[in-house]
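Shown next, in structure tokens, is the structure this report addresses.
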Amino acid sequence: MKNLFKKISTVSLLLTSFLCFSQPQVISDNNITLLQQEVLKKLTGKLPIKNDIYIKQRASPEEREITANYLSEYLASIGWQLENHFYRTSNGNPLLDLCLQPMSGINVAAVLPATIKSNKYILFGGHYDSERDCPGAIDNATGVALSLAVAFKLTKLKERNINFLIVLFDQEEDGEFGSIAYAKMLRKTNREIHSVHTIDMMGWDQNHNYGIEIELPSKELKELYESNAKEYNIPIYSTSVSSSDHKSFIDEGFNAVGISEEYVKRDTTPFIHTAKDTYETINFEFLVSSTNFIFNIFKKLAQ
């Protein structure tokens, strides 16, 4: 009987060790959950975004401007230095511009300076606009909420050897006009951009594996994300998806990557670009875990 008990205990110990090793390490944070819930409720019309103003989508110029003002005020309130980018595209001909209204909008941008002098920058963010007639909860209020939470956590680092630049893009749903305009502008500056990380759709995880997709990563960024994913036993998939803001920066020669839920693996919201893309469909455990996973990558780069 003792030998049998010993064998059972050994098997039990091995099984427990295997389960502990094979399960993803969920990175939880109750304070970040509360922050992201409030942001997402305001962006999807569950709470007023300001005073008694509710927005059900972020598609019209007026709705996008209201959203940009809200995001700007939040970033300023946590100590980031605003440098919003106002853009206006051209149809290539002044007379044509009179007939066809050029695209225009606001990329909400802010800087968190390094604690030592540096000209190197890490840029991150995601688009804040939504498709028409769509609350855009997962696409892409989750990317915005993730970015804002990372921005908040970065302010708590006592040591940052690199500058951080957050950009929340306008008009991704209209053809990435916001990020295209920003990337072109950024190329003309003398800032040394270490890398660009854009987040689009981070709220669906039906198989509960906390898996993340990285899109068109450079070899350097692929290795960076994969090594950190191993640390937390989180599945990570490298894909060639090019239909979001990261492509705007890659086209301008920047070291960029797109970050998303498992789009190619089909563990992604089925409600994209519909009225059913609502607050209620968001998996907050996945969103917060992904937030802290990305923050930990930035923390290593900063220190």
Hey, what number do you get for the chain at 222 nm if only DSSP H runs of n ≥ 4 count, each worth -39500 (n - 2.57), divided across all residues, to the nearest 500?
-13000 deg cm²/dmol
How much length would be gained if the chain were fully extended between Asn51 and Ala275, taking 0.36 nm per residue of separation minus their Cα-Cα distance, in nm to one decimal?
78.2 nm
Segment Arg132-Ile78, length gained on full extension (0.36 nm per residue, minus Cα span):
16.4 nm
Rounded to the nearest 0.05, FRET efficiency between Lys158 and Glu226 (Cβ-Cβ, R0 41 Å) equals 0.90
5 angstrom amide H check on Lys120, placed H, neighbours 5+ away:
Asn163
For the chain, find the longest principal axis of its Cα atoms and tell me its angle to the long axis of helix 219-232, 0 to 90°, nearest 10.
40 degrees
Separation in nanometres of the label points that stand 7 Å from Cα toward Cβ, at Glu38 and Asn233:
3.4 nm
Could you give the length gained by full extension between Phe86 and Asn30, i.e. 0.36 nm per residue of separation minus their alpha carbon distance, to one decimal place?
16.6 nm
Can you figure out the FRET efficiency of Thr189 with Ser243, using R₀ = 35 Å and their beta-carbon distance, to the nearest 0.05?
0.85
Under the Karplus relation 6.51 cos²θ - 1.76 cosθ + 1.60, θ = phi - 60°, what is the ordered set of whole-Hz ³J(HN,Hα) values for the range 34-48, x standing for Gly and Pro?
5, 4, 5, 4, 5, 4, 5, 5, 6, 6, 10, x, 7, 10, x
Helix 2-22 sits at what angle to the longest principal axis of the chain, using alpha carbons and giving 0 to 90 degrees rounded to 10?
10 degrees
With a 10 Å cut-off between alpha carbons and a GNM built on the chain, which of Tyr232, Tyr210, Tyr279 moves the most?
Tyr232
Highest GNM mean-square fluctuation among Lys247, Lys222, Lys230, for the chain with Cα springs under 10 Å, belongs to Lys230
Relative to the Cα centre, what is the charge dipole magnitude of the chain, using +1 at the beta carbon of each Lys and Arg, -1 at the beta carbon of each Asp and Glu, and rounding to the nearest 20 debye?
1340 debye
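Which percent, to the nearest 5, of DSSP beta bridges fully inside the chain are antiparallel?
If we restrict to bridges inside the chain, about 45 percent are antiparallel.
Every number here is computed from the coordinates shown, using simple stated rules; none is lab data. Note that the structure is a prediction, hence the values are computed from the model and not measured. Positions of Cβ are generated from backbone atoms using ideal geometry, with glycine treated the same way; all protein chains shown enter the neighbour counts.
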